[in-house]
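What follows is one structure encoded as structure tokens, with my remarks underneath.
The values are calculated or read from the model by the stated rules, or taken from the named source; none is laboratory data. These numbers were taken from a predicted model, which means no experiment stands behind them. Don't worry about glycine lacking a Cβ; one is built from the backbone with ideal geometry, like all the others, and counts go over all protein chains shown. These area figures cover heavy atoms from the full protein model, side chains too; ligands, DNA and RNA do not enter into them. Shrake-Rupley method; radii C 1.70, N 1.55, O 1.52, S 1.80 Å.
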Amino acid sequence: MEPFLIAVIVFFLAILFSIIGTGGSTIYVPLLYWIGIDLHIIIPTVLLINTFATGSATISYTKKRMVDFKTAIPLILTSVVGAPVGAYFSKSTPQDLLILIFAVFLLLIGIHMVFTSYRIGHLKCTGRGTRKNVIIGLISGFMIGIVAGLLGLSGGVFIVPLLVYLGYNIKTASATSLFIIVFTSISGFLGHIGTNIGSLDAGLLVYSSLAGFLGAQVGSYFMIYRLKSKTINQMFGIVLWVVAIRLIIGFI
């Protein structure tokens, strides 16, 4: 598949992922894997796409004061330490094992999004950088960073539920999650780039990163002014199931 066609797909996916605050790695990774790109090349590519897409959405959300920096910063500090650790171990982890882990991960997150989307979408309380939130953020951030670096994930699928647990409404949780993902993604990308830079597809990187940036701008508009989260979360959860099942069938 041509880089331009992949970029078109990334554009539309970035719209969805910028709304629900999870980045796009849960779909980008298996998409590029099906095309035939090596997983160890896919991971840094996806992390760079996420950096541009989440950075784009974060610009819009910051202007609307939807990002809680007091809770985000502790998560960022430890996640950027954990991401290179995960990237280091991914180099020595068999590709088939990574795919299986990723598929199981998608199934679990899909179940969570389908069956808890109503509750998450209707929470109204908002936490604001309490001492408890800071401590939980420091610990959770490191673990999220490791997973992000190991599997090429942005970490948003963990961050949004965590922030909701801490008391945030869905819009604040999604916007804050994307702000955090900017740093998690770029940290994971830098952790991978040292060994893979010569194998990366420059055309794919440029087209897809630009598409992610533009798509996130569209998605952030809908998030701010048009969002109804219940249906979006449920549809996304079902998509994760489909992707996970196809990956597991391919693995078997």
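Any idea of the accessible area per residue across the chain, 1.4 Å probe, to the nearest Å²?
That works out to 44 Å² for each residue.
Which value, in debye to the nearest 20, gives the size of the charge dipole of the chain about its Cα centre, when Lys and Arg are +1 and Asp and Glu are -1 at the Cβ?
1240 debye
Our estimate of slack between Arg246 and Val104, defined as 0.36 nm per intervening residue step minus the Cα-Cα distance, is 50.0 nm. Mean residue ellipticity at 222 nm, helices only, the chain: -28500 deg cm²/dmol; runs of at least 4 DSSP H residues each add -39,500 (n - 2.57), and the sum is divided by the number of residues.
Given a 1.4 Å probe and the protein chains as shown, Lys230 ends up with an accessible area of around 90 Å². Inter-label distance, Val81 to Ala202: 3.7 nm, where each label sits 7 Å from its Cα along the C-beta direction.
In plain terms, the bigger the Kirkwood radius, the slower the diffusion; for the chain, with that radius from Cα pairs, at 10 °C and 1.306 mPa s, Stokes-Einstein puts D at 90 µm²/s. Here the accessible area of the chain is 72 percent carbon and sulfur, with a 1.4 angstrom probe and all protein chains present.
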